[in-house]
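A.B. asks: I have a structure here, written as structure tokens, and I will follow up with some questions on it.
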Amino acid sequence: MANDGGLAFPAKRMENATTAYSHEWVEVTYPGMTLRDYFAAAALPAALQQEATSDEGRPCMYDEAAVARVAYRLADAMLKAREQA
């Protein structure tokens, strides 16, 4: 996998690291998810719709792995379009 888009929601905050012997605040970093994961989650309804509709337009059973693959293909396409913009 080449480009994951970097972190989507990184965050830093100060947390109290008080122990029995000291009282201090430390900066803690939470990486969040990658932009690719965020895009895939945003594309999930479209991926689900695509996989859950038969060729005749009727609802059908879907394969969860296929839905996930479609969502990540859409995410990869969004990352590529973002690079070209």
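None of the figures in this text is laboratory data; all of them are computed from the coordinates on show. Predicted, not measured: the structure shown is a model, and the values here were computed from it. All Cβ positions, even for glycine, are placed from backbone atoms using ideal geometry, and neighbour counts span all protein chains on display.
A.B. asks: Please work out the FRET efficiency for the pair Ala11 and Ala77, using the Cβ-Cβ distance as r and a Förster radius of 41 Å; give the result to the nearest 0.05.
C.D. replies: 0.90
A.B. asks: Also, I was wondering about something else. Calculate the dipole size of region 11-84 relative to its Cα centre from +1 charges on Lys and Arg beta carbons and -1 charges on Asp and Glu beta carbons; express the result in debye to the nearest 20.
C.D. replies: It works out to roughly 220 debye.
A.B. asks: So, one more: Test of the criteria: in region 7-39, which chymotrypsin sites (Phe, Trp or Tyr not before Pro) are in a DSSP loop and have at most 10 other Cβ atoms within 10 angstrom of their Cβ?
C.D. replies: Qualifying residues, ordered by number: Tyr21.
A.B. asks: Using 7 Å Cα-to-Cβ label points, what is the Ala66/Met33 separation (nm, one decimal)?
C.D. replies: Modelled inter-label distance: 2.3 nm.
A.B. asks: Another question about this same structure. Fewest Cβ neighbours within 10 Å first, please rank Asp63, Asp37 accordingly.
C.D. replies: The fewest-first ordering by Cβ neighbours comes to Asp63, Asp37.
A.B. asks: What list of ³J(HN,Hα) values in whole Hz, one per residue of region 37-46 in order, does the Karplus curve 6.51 cos²θ - 1.76 cosθ + 1.60 (θ = phi - 60°) give from phi, with Gly and Pro shown as x?
C.D. replies: Those phi angles translate into 5, 4, 4, 5, 5, 5, 7, 4, x, 5 Hz.
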